[in-house]
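These notes are about the structure you will find just below.
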Amino acid sequence: MDKKPEKLVPEVRFKGFTDDWEQHKLGEVAKVTMGQSPSSKNYTDNPNDYVLVQGNADLKSNEISPRVWTKEVTKKVHKGEFIMTVRAPVGYLATANMDAVIGRGVAAIDGNKYLYYLLQTKLLDRTWEKLSSGSTFESISSNDIKNLEIKVTETEEEKLIAKLMDTVTYFVTLQ
């Protein structure tokens with residue numbers, strides 16, 4: 001017999017929403033693709049080849065910042081999805097502003113903006129740090145990401161939360 005997801009009701013809500021929230025694993029509500037590095041012999045500095053995102057060094061201002069290209073396509077992130085670093089440093093996020101090949105240091109997550117902000121909180125509360133393992137450098141696995149327990153609600157409420165977070169982010173980053 002399947003276990004029914006845990007239902008939750010937050011204390012503070014947008015007006016008009018009364019349905020329970022549900023707890024799910026991230027892998028149940030979003031597609032997670034772990035990166036796979038192309039062979040280094042296929043790395044280039046030719047902007048006509050595929051952009052390669054290997055880790056945090058390839059992400060600037062929450063977007064892909066190309067510095068290495070490749071002729072070999074292994075795993076991909078598509079424009080609009082987000083990228084999360086899975087090796088030291090773990091848990092940093094960026095939105096894919098272009099299609100790119102992803103290496104072992106990152107994962108692509110095809111989720112909505114609400115999930116993007118929710119995953120940012122996991123960096124702040126040190127969730128990824130607690131899950132990280134490895135003697136040489138921190139890293140998290142596909143299972144760590146896919147099995148992460150998250151709370152979700154109906155799509156319209158998630159959109160309002162994401163819009164509020166966009167507004168907060170805008171005002172925080174104003175200079």
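Worth pointing out:
- Net charge contributed by nearby residues that have their C-beta within less than 11 Å of D166 (K/R +1, D/E -1): +3
- With the convex hull of the Cα atoms taken as the outline of region 73-115, the averaged projected area works out to 2.8 nm².
- Net charge in the neighbourhood of T18 (other residues with Cβ under 11 Å of its Cβ; Lys, Arg +1, Asp, Glu -1) is -2.
- A probe of 1.4 angstrom, applied to the heavy atoms of all protein chains, finds H78 with accessible area near 80 square angstrom.
- Whole-number accessible area per residue in Å² for the chain, which is evaluated in the context of all protein chains at 1.4 Å: 61 Å²
- For R87, R13, R67, the ranking by accessible surface with the largest value first comes to R67, R87, R13, using a 1.4 Å probe.
- The chain: most fluctuating residue of F137, F14, F82 per GNM, C-alpha cutoff 10 Å: F14
- Percentage relative contact order, the chain, counting C-alpha pairs under 8 Å, at least six apart: 25 percent
- Additional length obtainable on full extension of the chain from E129 to N48, 0.36 nm per residue less Cα span: 25.5 nm
- Residue of K163, K15, K122 that the Gaussian network model of the chain assigns the largest fluctuation, springs spanning Cα pairs under 10 Å: K15
- Considering only GluC sites (Glu not before Pro) in DSSP loops that have at most 14 other Cβ atoms within 10 Å, the longest stretch of the chain without any of them is 12-153.
- Fully extended contour minus Cα-Cα distance, from K151 to K163, at 0.36 nm per residue: 2.6 nm
- Taking the DSSP beta bridges with both ends in the chain, the antiparallel portion is around 90 percent.
- Estimated purely from DSSP H runs of n ≥ 4, each contributing -39500 (n - 2.57), the mean residue ellipticity at 222 nm for the chain is -7500 deg cm²/dmol once divided by its residues.
- Counting 0.36 nm for each residue step from S61 to L8 and taking away their Cα separation leaves a gain of 15.7 nm.
The values are calculated or read from the model by the stated rules, or taken from the named source; none is laboratory data. Note that this is a predicted model, so its numbers are computed, not measured. Glycine also receives a Cβ, built like all others from the backbone with ideal geometry; neighbour counts cover every protein chain displayed. Ligands, DNA and RNA are excluded from the accessible area calculation, which covers all protein heavy atoms including side chains. Shrake-Rupley method; radii C 1.70, N 1.55, O 1.52, S 1.80 Å.
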